[in-house]
Amino acid sequence: MRKNLRFYLALLCAKGTAAGLRLLGRKATNMPGSCAIRLCPDFLGRMPRPTRVIGVTGTNGKTSTSNMVEDMLASCGYDFICNGNGSNVDTGVAAALINHSTLLGKPKKDLAVFELDERSAPRILPYLRPDILLITNIFRDSYKRNAHVEFILDILNRYIPDSTRLILNADDLLCAGIRPENPRVYFGIDRQPDDGDTCRNIVQDVRVCPQCGGKLTWDFVRYHHIGRAHCPACGFASPSPKYRVIFTDPARRTMRVELAGVERELPLPNSSTINVYNSLAAVALLSEFGLPAEKLAAAMDKLAVSETRFNEEKVNGRSLVMHLAKGQNPIACSRAFENARDYPGKKSVLLFLDDFYDATHSVESTPWLYDTDFEFLNDENIASITVAGARHWDVFLRLLMAGVPREKIAHSGDTGRAVELTPTDGVDTVFILYDVFNIRFANGVRDQIRERLKALPPKEETAHED
Amino acid sequence: MKIEILFPEFCNLFGDSGNVRYLRKCLPQAEFVETPLDGVPLFAEDAPALICMSPMSERIQEKVIEKLRPYRSRLRALIDGGTAFLFTGNAVEVLGEYIENEDGSRLEGLGLLPLSAKRDMMHRHNSLFLGSFEGTPVMGYKSQFTTTYPGEGVRGLFQVERGVGLNKKCPFEGVRDHNFFGTYLLGPVLLLNPDFTRALLDILGAQNVPLAFEEDLRGAYAQRLKDFREKM
Ligand SMILES: [Zn+2]
C-alpha cells in the first residue's frame, strides 16, 4: 500500500497527539495510534515497517514471553521498537511505530518486537507481515470476545501471511496445526513426572485426530489439550520439536534443553510449567532469529527471576503468595488453582476473581466458572477459601459444586471483609489469587495479611519438597 | 430414569456442561448416558426422560445436524410424546429450518422447529437477559454469533423483561414445544434459575427430589436478581 495524503494527515495528527501528551507529562500509549487509525483506517498498511518484524501471539503467556524476548534482545545489545508499554491491539502497534518514526513515517530502528492480540489479527497481520510469528498456545479465553478456539484458529489461518515463519507449540495440537503450508519450527517439553495418561481438566478442546477425525491415542496429557498424541488410524502424530526441554532442575534453576539437535543446560527463571513453556518459546524464537546458543544462555542468565504472575514472600516462617488468576479465562484460572493446590503446606486461599470494571458497569458473566477447574481447590491441604467481590455467591456455589465442604468457605460482597474472614492461624501459607483488574486492591489485602502474619508467633520452617 | 447427553466431547462450550453436572447432583439415582458424535444415540431405540445438548462451534454444528438428520422423525415423535429436552445456545438452531451465513448461503437444519438463524461471525452478540418463566424471574447471559427468527406458531420459553429475546424485536427468548426447552441463555441456566430448574425436575417426575444446594442456589439467585435489576 502506498502512502497517500490521508496517511500523512493521520501521521501528522498522531505525532501531534504524542507531542501533546509528552508536554502534559503523560505517557504516550495508544492514543496516537487510535488517532491515526481513526483518520486512516488502513494506516498500518501504509506505515513503513522496520526491516525485521517479530510477532508474539497466542492465548496465554504472550505478555510474559514477549517481555522475556525483549529483555534478552536488549541484554544482547539490540535496539528495537516494541509495544511493551502499550496495548497489543492494532492501535498499540500503530502507536509504537509512530513513536519510533521520522516525521515522514520512516522507522528509526530496523527491528520490531510486537506482542499481538490474536483476536485483532485481521487488523494487524496482513499489514505488519511479521517475518517470524511465535504462537504460544491456543485455548478458550473470554467467551464474549474470543468465542471459542475454532473461531480464533479460523482468524489466524486466514490472516497470517504466507511468508511468515511460524514458531509453534508442538504439545498443543490446535497451535501446531495452524497454516500447515507456512515454514515452521516447533518447541515442546518432553514427558515430565507430573504428566498423566488422561485429561484431568473440565475443558479439553482436542478430541479427534486433526487429519482423519479418528480417535486419538494420548502418549501423555499435561493439562487440557496440552500433551502428545498419535492417531492409530492414519498415522498422524504430534510434531517433533526442534527445541525441546528434556527435564528441569528447579533446585538449581536450570533446564536441560535440546536446541536444533544439540543438548545443553540453560538457566530457568521460574520452574512452573507455564514459565518453562514461556522460556522455551523465547529461546526458540531467538534461536530462529539468529542468536547463537552461548548468547542466549548469557541473556537468560541476566533475566530477572521476578515474575509478576507469581510472587512469594516469607513472613515469620510462613509464606504469602500472590498469584494472578485472570477472570473470564478458564484455562489461566485452572492453572492458578492447580498451582495453589500443589504449593506445599497447609493453605488459606483468597479468591478475587471479579473483573472490577465489569462488576461496576454490568453484571459479570458467570458461565466461565463452570469451565474452570475449581475442583483443584477441593484439597485436604487447602484449609479455607475466602471469596470476596460482586459475584461471591456464584463463586461460592461453584465451590460447593466442586465438592468443597461449605465450612471451609467464607464469602462476602464486601471486599473490605476479606482479611477478617481469612484464618491465618494453623496454616503455612496464605495464597491470594487475584484478577489483573484488581491488583491494587489485592496488594492492599496482601499488606494487611502480612501485618497479621507478622503478629503471629514465628513458625519453624518445615522442610518440604520444592 | 435415563438422561442422554448428546455429543458432550464437542457440545460443551461456554460453561454449559455445568447444567448436566448440576442435574447429576440433583438426580444421583438417574443414569446419565453420554453419546459421542460417532456413536448411536440412546434415543434411537430407547426413550430417555431427558435429552440434553450444549453449545458447539459452527463446524461441529454442521456435523451434528448431519448426524441427527436420519433421526428427524424419531425426534419429532419424542417431542410430541412429551420427552423433555434441554438444548442450550446454538443447539437450538440445529432443530430449526436453516442457518444462514453472512454470504447468504444456507445450512439446512432438521426442520423440526419453525425458526431460522442468521450468523454474523464478526459481530458477536453479548448481553444480559432478564425475563420470566411462568411468572418467576429468569436470568442469563447471551454470547452468540447468531440471531434467531421464529416463524408462525413458535411458543416462546421466557418472556423478555429486559435485554434481547430471540432477536431484537422478539418478545420472548428461547423456544418451547411440549417439553422441549430450548434457550440461548448461558449461565449455566439451571444453576442460575432455581424455579425453572424445579419445573424441569417436576416434568421429569422428580417432584419429591430436592434441588441440590437449594438454599445456596436461591441465595445466589436473590443477589444476582438484585444486580440485574440495578445494572440492566
Ligand atoms: Zn488420524
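Quick one: which residue in A:Pro122, A:Pro130, A:Pro126 is closer than 30 Å to A:Leu9 by Cβ, in a loop (DSSP other than H, G, I, E, B) and modelled with pLDDT of 95 or more?
Going through A:Pro122, A:Pro130, A:Pro126 in turn, just one is closer than 30 Å to A:Leu9 by Cβ, in a loop (DSSP other than H, G, I, E, B) and modelled with pLDDT of 95 or more: A:Pro130.
Quick check on the stretch B:163-181. Is at least one of its residues under 30 Å from A:Phe151 (Cα atoms), β-branched (Val, Ile, Thr) and in contact (Cβ under 8 Å) with a residue 24 or more places away in the chain?
There is at least one residue in the stretch B:163-181 that is under 30 Å from A:Phe151 (Cα atoms), β-branched (Val, Ile, Thr) and in contact (Cβ under 8 Å) with a residue 24 or more places away in the chain.
Could you tell me whether any residue of the stretch A:273-288 is without any contact (Cβ under 8 Å) to a residue 40 or more places away in the chain and either loosely packed, with under 14 Cβ neighbours inside 10 Å or more than 16 Å from the ligand (Cβ to nearest atom) (or both)?
Applying the first criterion (without any contact (Cβ under 8 Å) to a residue 40 or more places away in the chain) to the stretch A:273-288 yields none.
No, the stretch A:273-288 contains no residue that is without any contact (Cβ under 8 Å) to a residue 40 or more places away in the chain and either loosely packed, with under 14 Cβ neighbours inside 10 Å or more than 16 Å from the ligand (Cβ to nearest atom) (or both).
Can you confirm whether the stretch A:53-68 contains a residue that is farther than 30 Å from A:Ala176 by Cβ and either in contact with a Gly (Cβ under 9 Å, 6 or more places away or on another chain) or buried (at least 16 other Cβ atoms within 10 Å of the Cβ) (or both)? Outline the logic, then answer.
From the stretch A:53-68, those farther than 30 Å from A:Ala176 by Cβ are none; that's our starting set.
There is no residue in the stretch A:53-68 that is farther than 30 Å from A:Ala176 by Cβ and either in contact with a Gly (Cβ under 9 Å, 6 or more places away or on another chain) or buried (at least 16 other Cβ atoms within 10 Å of the Cβ) (or both).
Kindly establish whether B:Val175 is at pLDDT 95 or above, more than 24 Å from B:Ser57 (Cα to Cα), part of a strand (DSSP E or B) and of a type outside the set (Asp, Glu). Break it down into steps so the answer makes sense when it comes.
Details: at pLDDT 95 or above: yes; more than 24 Å from B:Ser57 (Cα to Cα): no; part of a strand (DSSP E or B): yes; of a type outside the set (Asp, Glu): yes.
Considered against the rule, which asks whether it is at pLDDT 95 or above, more than 24 Å from B:Ser57 (Cα to Cα), part of a strand (DSSP E or B) and of a type outside the set (Asp, Glu), B:Val175 comes out as no.
Going residue by residue through the stretch A:232-239, is there one that turns out to be in contact with a Ser or Thr (Cβ under 7 Å, 6 or more places away or on another chain), within 16 Å of the ligand (Cβ to nearest atom) and either within 14 Å of chain B (Cβ to nearest Cβ) or of a type outside the set (D, E, K, R) (or both)?
First pass over the stretch A:232-239, keeping only residues in contact with a Ser or Thr (Cβ under 7 Å, 6 or more places away or on another chain): A:232.
Checking the rest, the ones that are also within 16 Å of the ligand (Cβ to nearest atom) come to A:232.
Adding the requirement that they be either within 14 Å of chain B (Cβ to nearest Cβ) or of a type outside the set (D, E, K, R) (or both) leaves A:232.
Within the stretch A:232-239 (the criterion being in contact with a Ser or Thr (Cβ under 7 Å, 6 or more places away or on another chain), within 16 Å of the ligand (Cβ to nearest atom) and either within 14 Å of chain B (Cβ to nearest Cβ) or of a type outside the set (D, E, K, R) (or both)), the answer is yes, since at least one residue qualifies.
Just to be sure I understand, how many residues within the stretch A:223-260 are touching a residue at least 12 places away in the same chain (Cβ under 8 Å) and over 19 Å from A:Ala299 (Cβ atoms)? Talk me through it step by step, then tell me what you get.
So the first thing to find is which residues in the stretch A:223-260 are touching a residue at least 12 places away in the same chain (Cβ under 8 Å), and the list is A:223-234, A:236, A:238-251, A:253-255, A:257-260.
Still in the running and over 19 Å from A:Ala299 (Cβ atoms): A:223-234, A:236, A:238-242, A:244, A:246-247, A:249-251.
Residues flagged as touching a residue at least 12 places away in the same chain (Cβ under 8 Å) and over 19 Å from A:Ala299 (Cβ atoms) within the stretch A:223-260 amount to 24.
Looking at the stretch B:212-221, which of its residues are more than 8 Å from chain A (Cβ to nearest Cβ) and in contact with a helix residue (DSSP H, G or I) (Cβ under 9 Å, 6 or more places away or on another chain)? Walk me through how you get there before you give the answer.
From the stretch B:212-221, those more than 8 Å from chain A (Cβ to nearest Cβ) are B:212, B:214-215, B:218, B:221; that's our starting set.
B:Ala212, B:Glu214, B:Arg218, B:Tyr221 - these are the residues of the stretch B:212-221 that are more than 8 Å from chain A (Cβ to nearest Cβ) and in contact with a helix residue (DSSP H, G or I) (Cβ under 9 Å, 6 or more places away or on another chain).
Return the pair list, or none, for Cβ contacts closer than 7 Å from residues in the stretch A:204-215 that are at pLDDT 95 or above to residues that are near the ligand (Cβ under 9 Å from one of its atoms) and charged (D, E, K, R), at least 6 apart or on different chains.
Note: pairs meeting the criteria are A:Val208/A:Lys215.
I'd like the residue in the stretch A:205-223 that is out of contact with any strand residue (DSSP E or B) (no Cβ under 9 Å at 6 or more places or on another chain) and within 14 Å of chain B (Cβ to nearest Cβ) and, out of all such residues, is nearest to the ligand (Cβ to nearest atom).
Top of the filtered list is A:Cys212.
For the subset of the stretch B:187-211 comprising residues that are touching a Cys at 6+ places or on another chain (Cβ under 9 Å) and assigned to a helix (DSSP H, G or I), which member is farthest from the other protein chains (Cβ to nearest Cβ)? Show your work before the answer.
Step one: of the stretch B:187-211, the residues touching a Cys at 6+ places or on another chain (Cβ under 9 Å) are B:190, B:197, B:201, B:206, B:209-211.
Next cut, assigned to a helix (DSSP H, G or I) only: B:190, B:197, B:201.
Working: B:Leu190: 11, B:Thr197: 13, B:Leu201: 17 Å.
Going through the qualifying residues, I end up with B:Leu201.
Do the conditions hold for A:Asn146, that is, is it within 14 Å of chain B (Cβ to nearest Cβ) and away from the ligand (no atom under 16 Å from the Cβ)? Please lay out each step first, then the result.
Numbers: within 14 Å of chain B (Cβ to nearest Cβ): yes; away from the ligand (no atom under 16 Å from the Cβ): yes.
Answer is yes for this residue.
Return the residues of the stretch A:336-360 that are modelled with pLDDT of 90 or more, polar (S, T, N, Q) and surrounded by fewer than 21 Cβ atoms within 10 Å (Cβ to Cβ); say none if nothing qualifies.
Selection gives A:Asn339 alone.
Give me the pairs: first residue in the stretch B:59-76 and closer than 12 Å to B:Gly109 by Cα, second residue assigned to a helix (DSSP H, G or I), beta-carbon distance under 6 Å, and six or more apart or on different chains, which are they?
B:Val64/B:Val94; B:Ile65/B:Val94
Can you confirm whether the stretch A:184-198 contains a residue that is surrounded by fewer than 16 Cβ atoms within 10 Å (Cβ to Cβ), within 14 Å of another protein chain (Cβ to nearest Cβ) and either without any contact (Cβ under 8 Å) to a residue 60 or more places away in the chain or assigned to a loop (DSSP other than H, G, I, E, B) (or both)?
Checking the stretch A:184-198: at least one residue is surrounded by fewer than 16 Cβ atoms within 10 Å (Cβ to Cβ), within 14 Å of another protein chain (Cβ to nearest Cβ) and either without any contact (Cβ under 8 Å) to a residue 60 or more places away in the chain or assigned to a loop (DSSP other than H, G, I, E, B) (or both).
The values are calculated or read from the model by the stated rules, or taken from the named source; none is laboratory data. Since the model is a prediction, treat every value here as computed from it, not as a measurement. All Cβ positions, glycine included, derive from the backbone under ideal geometry; neighbour counts span all protein chains shown.
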